Amino acid sequence: MIGIYITPKIFNSLGAFNSGELEISKAIVGVLAPFFFLGLSAICIRELVFKPKLKNYILGTTLVLRLASFLILSLCLLIYTYFTNTTEITFIVLILAFSYLFRISDVVECFFVATKEYKYVFFCKIITLVIVLIVQYYGVENNLGAFYFASILFFEFAIQTIIYLVIIRYSKQLDLSKLKWSFAIAKDLLKSAFPLLLTNFIIVFYLAIDDFFINNYLGNAANGVFSVVGFLVIFITWNIGAAFIYGLYPALAECYLIDKKLYASRLKFMIIVVMIFGVSIGLFYTFFGDYIISTQYDKSFSTAKLPLQIFGWAPLFIFMGMLFEKHLVNQNQLDRNVYRFILGCCVNALFCFLLIPKYKLVGAAFAVLLSHFITNIVFVFLYKSYRNNIWALLFSKTK
């Protein structure tokens, strides 16, 4: 709700060109994000649910692995920057990259999610949001540039880390001094997470393909316009659906090994909810997308209207893909997730190559929508076992 208010002001303050500059910087760092996270988040939560007695070893080992990945990647970026020409985009990329030092606190968040202590995550996010909103509003009022708004991302995760440390100290839910390293657990975590690391790398590259193609064919201003579409669909609605799926995942995972009937019932419930939500998003942007762009953004963003109405249907497919991924995590069959996104990446690149030069941003929206449909729906039905299970799940009565 706050994003709906403040983000259009940021886009209008920066203008289409500077917004595009910030977005291409995010895309560059986004390609490296999987190597910062190492695919460990979902695996860490799963292991904490399955093996709660080993929490100190799981969290300690995950924390060390994440810190090591940050140090190695940061060093590589600094060396690369030293031997290349520096520009404003280069400095923005470095700021965004260094923010991942504080995103290591996500490991604490994984613990709270696995133990269903969502209230602590909620408090942290809300307090951080209020502080960030004040800083963003100051930037808008003073017409500050892309460099300032990139720095806010660094500031945001620093605040989040401090709040989590305060919560840990006073809630006594977790004692950081008792966290321990285990080579055996590190090996198991990395082995289990490797398919997710590959998948996440393919996903971010998959999402960045549009930015790179748009930037190449249409320029920074067009990238800024399309980033508005991405914000309205992904940041606002996509994140709500993702929060629902990731929030209920521990409850889904804990019954997988002990009660398959309950597992099927919970999975069916989640499928129905995200389908309804996805259709609602598509209908909302189909009928109100034009009004939102006309009233909330200046004329430089007017070409976002039709792409928004098209891309607004993507969450329907994406939510189904997210649920499928969680099912694969439980089955420990994440290699199939890799194949799924390799297909999506290739399809997206092909459609971008064919559609963007001719149809511009409308072509980009269609390219992303079609690739999401193939990645999240068509791919699932390619496997006979999943195809049969889905029909049985949707049309059977479960308690």
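A compact table of results
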quantity: Cross-chain or 6+ apart pairs with Cβ under 8 Å, segment 180-203 first and in contact (Cβ under 8 Å) with a residue 40 or more places away in the chain, then among the aromatic types (Phe, Trp, Tyr) and open to solvent by less than 60 Å² (accessible area, probe 1.4 Å); calculated: LEU197/PHE37; THR199/PHE341; ASN200/PHE37; ILE202/PHE341; ILE203/PHE341
quantity: Selection within segment 162-173 - under 26 Å from the mean Cα position of the chain (by Cα) and either closer than 22 Å to ARG46 by Cβ or modelled with pLDDT under 80 (or both); calculated: TYR164, ILE168
quantity: Matching residues in segment 123-135 - criterion: being under 13 Å from GLU156 (Cα atoms) and open to solvent by 40 Å² or more (accessible area, probe 1.4 Å); calculated: LYS125, ILE126, ILE127, LEU129, VAL130, ILE131, LEU133, ILE134
quantity: Test for LEU197: is it touching a Pro at 6+ places or on another chain (Cβ under 7 Å) and under 21 Å from THR61 (Cα atoms); calculated: yes
quantity: Within segment 97-116, tally of residues that are of a type in the set (Gly, Ala, Ser) and either touching a Ser or Thr at 6+ places or on another chain (Cβ under 6 Å) or open to solvent by 10 Å² or more (accessible area, probe 1.4 Å) (or both); calculated: 2
quantity: Selection count, segment 211-231, where residues are in a helix (DSSP H, G or I) and open to solvent by 10 Å² or more (accessible area, probe 1.4 Å); calculated: 13
quantity: Candidate set: segment 311-342, residues that are in a helix (DSSP H, G or I) and closer than 19 Å to ASP210 by Cα; chosen: the one most open to solvent (accessible area, probe 1.4 Å); calculated: ILE342
quantity: Answer from ILE131, ILE127 - the residue that is farther than 24 Å from VAL329 by Cβ, within 21 Å of the chain's Cα centre (by Cα) and without any contact (Cβ under 8 Å) to a residue 40 or more places away in the chain; calculated: ILE127
quantity: Output for segment 105-122, where each listed residue is within 16 Å of GLU156 (Cα to Cα) and out of contact with any helix residue (DSSP H, G or I) (no Cβ under 7 Å at 6 or more places or on another chain); calculated: PHE122
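Each row is one residue, and each column tells you yes or no for (1) more than 20 Å from the chain's Cα centre (by Cα); (2) of a type in the set (A, V, I, L, M).
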position	(1), (2)
VAL140	yes, yes
ASN143	yes, no
SER182	yes, no
LYS187	yes, no
PHE201	no, no
TYR206	no, no
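The values are calculated or read from the model by the stated rules, or taken from the named source; none is laboratory data. Please read all numbers here as calculations on a predicted model, not as lab measurements. Using ideal geometry, Cβ is built from the backbone for each residue, glycine included, and neighbour counts are taken over all protein chains shown. Quick note on the areas: whole protein, heavy atoms, side chains included, nothing else; ligands and nucleic acids left out. Shrake-Rupley method; radii C 1.70, N 1.55, O 1.52, S 1.80 Å.
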